[in-house]
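A.B. asks: Structure in structure tokens, see below.
No value in this document is a laboratory result; all are computed from the given coordinates. Owing to the predicted nature of the structure, the values given are computational and were not obtained by experimental measurement. Note: ideal-geometry Cβ built from the backbone for every residue, glycine included; neighbour counts use all protein chains shown.
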Amino acid sequence: VDLCVFLLTRHIHGGDNSSAARWALFCSVTNWFLGYGLTRTYSNSVECGLLLMALMLMHKELFPEADKGLRVDTVSAKLGFIVGGICVCIRFTALSAFIPLGLMLCHNGSK
């Protein structure tokens, strides 16, 4: 974001006027709202990425009928829930995704 502000200001005010670009960069770096607003966006992105990583690690246990020839790997499922724990530490609402996954694993394990 800050680099884009610097480059855009330098482009708008001409390449020779770098003082305006430096002031725009300073204002962007010290802006309190960017620190407040961007943190939520980053946590959403990290939560989504970690959730997808956990699903990738647990897909054999969650959907055993799709992987008929593959061996079930409980180590990857445990690693998936470790990633899920990290995801919940970053954003607590991710727990709403991992509770149903745990219930699905318990249901598949009881068969």
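A.B. asks: Note the direction-averaged projected area, equal to a quarter of the hull surface, for the Cα convex hull of the stretch 1-63, in nm². Provide the component values of the computation, followed by the final result.
C.D. replies: Values: hull surface 23.7 nm².
The orientation-averaged projected area of the Cα hull of the stretch 1-63 comes to 5.9 nm².
A.B. asks: Can you compute the FRET efficiency between Thr93 and Lys60 using 1/(1 + (r/R0)^6), with r the Cβ-Cβ distance and R0 = 25 Å? Round to the nearest 0.05.
C.D. replies: Details: r = 26 Å, r/R0 = 1.05.
Plugging the Cβ-Cβ distance into 1/(1 + (r/R0)^6) gives 0.40.
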